[in-house]
Structure formats: structure tokens, C-alpha cells
1. Please determine whether any residue of region 63-70 is surrounded by fewer than 13 Cβ atoms within 10 Å (Cβ to Cβ) and of a type outside the set (Ser, Thr, Tyr).
2. Here are some conditions: (1) exposed (fewer than 13 other Cβ atoms within 10 Å of the Cβ); (2) at pLDDT below 95; (3) in a strand (DSSP E or B). Ala14 meets all but one. Which one does it not meet?
Amino acid sequence: MNRLLTFCLVLLVALVTGCPRNKYVLELTPHGDALERLLTFHREDGTDTNGVPKYQDFPEAELTTIKALYPPGSVKAKGKRYVARSEFSGAMPKDVGGAGSWTNLATSLGKATLYAERFRGNDDLATTSGKRLEAADQLTDLLIGWSRQELGKEPQYENLRRFLNVDFRRDLKNLSLYNWVGGMAGNFTPKAQEEFIVRFGQYLMSAVT
């Protein structure tokens, strides 16, 4: 039982300590026929008690990709934060997503400017949530198989297996969804992820009472 408890504690720590993520802030300023693009980006693992991001090293491969999309010297480091600045007309660089464009039209009726850009992310929420639930099922099945091999001869093992198959499976799915939704909300509200962790703690408390 001690081995199972240790495994579950390690799993819980891995799930609640947060997930490092890249953060991007894009500012656009028109200058005649061109569009100034100011991209500020960094990698963080949550924030400290003062709300300051816990900066981490930005992935080298992605940093190299972004630098290649801007003129030489346009990407500068400020500690572990980076700033990319340049002017573009027509096609936008694929630094934070897919295709984008800045188009100026001049006709006999006047001038018009069109801007469109697709940012990275997955708009298929049903498929994404389904994959998360499927991953929780797979992890639970692996844990059940491991526990059967290590603890299957214990007198109360059937109770443990039932707990893993029902309660633990459900709680792991809920934790995955809480973490996912909290991560998305964190893009708009700084402390949203921490609030969702508290909410999940409340959920666990209600489940055991």
C-alpha cells in the first residue's frame, strides 16, 4: 500500500505544480502602407506571491524560428523576456499562428485597410476535451494494471481496485478539465489558474464528505 500511496502522491504533485507555458503579447500600429508589429514573449511557470511571473528559459527551437521571421537584429532579449519589432506589409510573419495579412486598397471610392490573422490554438473544444478524458482513462487503466500486479493478493485489494476504477478515474478526469479550463482562463485573468486549483480542492473536499 505504501508503494501505491507514494505513486499517487508523485502523480498529484506533478498535476498541481502547474505547467510552464509560453506567453505572447502582440501590439500592432499602422504606419502608412505598413504595419508595425511589436511582439513581446516569454516562458513562465505561474507567478509568485506578488503576481510577478516566474520566468523560465524560452524554448530555443521556437526562439530560432521567430528570429528567422524578422529582419536581423529585430529580436532583442530583456532578461528572459524577448521583444520582436519590425514593419510588414502584405503577408504577416507566422510567429504566433498561421496565415495573416495587412492589405491596403485604394479605389475611386476611397481607401480601405484590411487586417486578418489566425492565431495558434485549437478551436475544436469537443475533440480536445475528448482527448484529455481519454488520456485520463489510459492513465487510470495503467495504474489499475500496476496495482493488480503489485497488490493483487492483498485482502482488501478489490476495494482499492473499485476506488481506482470509479472515484480516482472520475477525479482525474475532472482535474484534467479544471487544469485545461483554468489555463485558458489564465490568458485573460492573471490568477485564474490558482483560482481553479482552489476550486478543484473544494471539489475533492465535497467528494469525500
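The values are calculated or read from the model by the stated rules, or taken from the named source; none is laboratory data. As the structure is a prediction and not an experimental result, all values here were calculated from the model. Backbone-built Cβ (ideal geometry, glycine too); neighbour counts: all protein chains shown.
1. Of region 63-70, the ones surrounded by fewer than 13 Cβ atoms within 10 Å (Cβ to Cβ) are 64, 68.
Applying the additional criterion that residues be of a type outside the set (Ser, Thr, Tyr) yields 68.
Yes, region 63-70 contains a residue that is surrounded by fewer than 13 Cβ atoms within 10 Å (Cβ to Cβ) and of a type outside the set (Ser, Thr, Tyr).
2. (3)
For every residue, the table says whether it meets (1) surrounded by fewer than 12 Cβ atoms within 10 Å (Cβ to Cβ); (2) at pLDDT 80 or above; (3) assigned by TED's automatic domain parsing to the domain that holds Leu175.
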{"site": "Gly110", "(1), (2), (3)": "yes, no, no"}
{"site": "Ala126", "(1), (2), (3)": "yes, yes, yes"}
{"site": "Gly130", "(1), (2), (3)": "yes, yes, yes"}
{"site": "Ala135", "(1), (2), (3)": "no, yes, yes"}
{"site": "Leu143", "(1), (2), (3)": "no, yes, yes"}
{"site": "Arg148", "(1), (2), (3)": "no, yes, yes"}
{"site": "Pro155", "(1), (2), (3)": "yes, yes, yes"}
{"site": "Arg161", "(1), (2), (3)": "no, yes, yes"}
